[in-house]
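The block underneath contains the structure these notes are about, expressed in structure tokens.
No value in this document is a laboratory result; all are computed from the given coordinates. It should be emphasised that the depicted structure is a prediction, and the values quoted were computed from it without experimental measurement. Cβ sites come from the backbone with ideal geometry, for glycine too, and all protein chains shown count toward neighbours.
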Amino acid sequence: MLKNFNKEGQKLPSFGIGPYMIFGMGAVTLINSEEKWLSDLYGADYEAYKTKVNRCIPWKPAEDRICVTEISNTRWMAYDIPGNVGWIIYIACLVRCFVTKPDFFSSKGLFVILIIAVLPAILMAIGIAELVTERLAKLDRKLPKVRLLRGFGALVLGGILGMAVSALGLIYGYCTGESNLLLIWLMLLGSLLCFAFAELIYKTYRQPGKGSSMTIHEFGTENKDTVVLIHPSVVMWDYFEYVIPLLEKKYHLIVPAIPGYDPDKKNDFTSVEKIASELAKWLKEKNLKDIACLYGCSMGGSIVIRMLADNALDIRSAVIDGGITPYRLPWIVTRFIAIKDFLLIGAGKLGGVKLLEKAFSTDELSPEDIQYTAGVLKMISAKTIWRTFESCNNYSMPKDIRTDCRHIEYWVADKEIKDRKADIAYVKEHFPETIFMKIKDAGHGGLAPFQPEKFVKGIERAVRPVT
């Protein structure tokens, strides 16, 4: 009660909700008049300006809310056309279900499922309406985060929900004896296309500067020969904690903390291609163009393979330790594999960390190792998990692969030979001079943390032939 009186005890006038209503109406009026006019007049520049000053609605300024894509026109069209076909199929079949009222409409369960299926259609319609307005305003390559989510984000979510609802309808239909479910099968196909190709475009957008820089750790800077160590996924840069003291006495060590796995910087994994490019750029800027040995394990091996193909540095020797190569499978199959890996690691993130021991042919983990893995899983985001597996399994390579690296070794642990069969075949084809080394009594990624002395001998052996 006292809040309605001033210090002298005089009653203050009460304005109620009037000022808030006036402010709200003024904001809405400005958004739909002056803001719209300025946006049409200046396009993307004005959208970027609004993220910094927020002229109508009070909001914390955020300069990093602009997202940009560098996708080529050809690639955009390759994704855009099947994606559009997908949402059209889904909505057309849904409408047809209600117009023609097929036999299964007599089933109350299927009828309820079709009612729920309207929600994904609404999300798809919102996404398409947003994309049309963006295209008319020529904003499709440079978007505020909210518009990106309202466009491609809505299409991705609509596709996911559409697949779930369609799959539920098919399961229920067949369980109840329905046979004429062609329209629902087409809805499943349409929602899959919508999700898959909208997601491919969505993930190309990046917030400039966000998540793009790496923390680089250096040791033994007084030494001449440079050795770069790139860690695998689901660990941090301290994966090399046992080998750093053994190598820093002889080599200048470069140990990058890969984005998404950096305990000192909150960011997300980007892609194998982008990280390979950024690491090469950093090494050039530091005048470290002559690399005595470039080492990478698993995910790190993927980055090494891409750096070899880019051929931007003078790499005297390279070690690919169980490196992952791009799948040579139909695109749709790689989607399902990525989803499987994401769900598996996601389960570990939610608490089932022991699933990792079953998923990978790793060395026996101690309670401390399991606790470490649990900490890493807790730290990394779902986006990092998805991008890691999607990118490591599907990263692009130049059409004409050529490297000037004089000595390449591919290490494969004896416990993972079967799992690395396709990767070994890929490396043999594209890097025919590679020497393949079988590591005894080791699992995938188990050499550096569990047998550091053996790891060091391997690095020194790789460096020695070309020094």
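Dipole magnitude for segment 73-202: computed about the Cα centre from +1 point charges on Lys and Arg Cβ and -1 point charges on Asp and Glu Cβ, it is near 440 debye. A cut-off of 5 Å between modelled amide H atoms, ignoring neighbours fewer than 5 places along the same chain, links Met437 with Tyr410, Trp411, Val412.
Only one residue of Asn73, Asn180, Ile128 has its Cα farthest out toward the positive end of the dipole of segment 73-202, where Lys and Arg carry +1 and Asp and Glu -1 on Cβ, and that residue is Asn73. Annotation: the residues Trp237, Trp185, sorted from fewest to most other C-beta atoms within 10 Å of their own C-beta, follow the order Trp185, Trp237. A simple count of charges around Arg464, restricted to other residues whose Cβ falls under 15 Å of its Cβ and scoring Lys, Arg +1 and Asp, Glu -1, yields +3. Label point of Asn223 set 7 angstrom out along Cα-Cβ; within segment 280-300, amide nitrogens under 17 Å from it belong to 288-296.
Ordered from longest to shortest, the equivalent ellipsoid semi-axes for segment 386-432 are 20, 18, 9 Å, each the square root of 5 times a Cα gyration tensor eigenvalue.
So if R0 is 60 Å, what FRET efficiency would Ser33 and Glu241 give, r being the distance between their Cβ atoms, rounded to the nearest 0.05? The value I calculate is 0.50. Using a Förster distance of 41 Å, how high is the FRET efficiency between Asp400 and Lys378, based on the Cβ-Cβ distance and rounded to 0.05? FRET efficiency, Asp400 to Lys378: 0.45.
Cα gyration tensor of segment 142-254, axes a ≥ b ≥ c as square roots of the eigenvalues: rounded (a/c below 1.5), prolate (a/b > b/c) or oblate? Because a/c hits 1.5 or more and a/b exceeds b/c, segment 142-254 counts as prolate. With the alpha-carbon atoms of segment 213-294 aligned to their principal axes, the span from lowest to highest coordinate is 33, 27, 18 Å, starting with the largest.
Extending 7 Å from Cα along the Cβ direction at Val132 and again at Val85 yields two label points whose distance is 2.2 nm. Annotation: extensible slack from Val95 through Lys281 equals 61.7 nm (criterion: 0.36 nm per residue apart, minus Cα-Cα distance). Please name which of Leu192, Leu139, Leu119 has its Cα lying farthest along the dipole of segment 73-202 towards the positive end, using unit charges on Cβ (Lys, Arg +1; Asp, Glu -1) and the Cα centre as origin. The residue sitting farthest along the positive end of the dipole is Leu139. Extension gain, Thr74-Arg328: 0.36 nm per intervening residue step, less the Cα-Cα distance, totals 89.3 nm. Give, as a single signed number, the net charge of other residues whose beta carbon lies under 13 Å from the beta carbon of Gly375, with Lys and Arg counted +1 and Asp and Glu -1. Summing Lys/Arg as +1 and Asp/Glu as -1 gives -1. Under a 5 Å amide H cut-off, with hydrogens placed 1.01 Å from N, Lys415 pairs with Ala442 among residues at least 5 apart or on other chains.
Shape analysis of segment 73-202 yields a ratio of the Cα radius of gyration to the Kirkwood radius, Rg/Rh, of 1.04. Taking the fewest neighbouring Cβ atoms within 10 Å as the starting point, the ordered list for Tyr239, Tyr42 is Tyr42, Tyr239.
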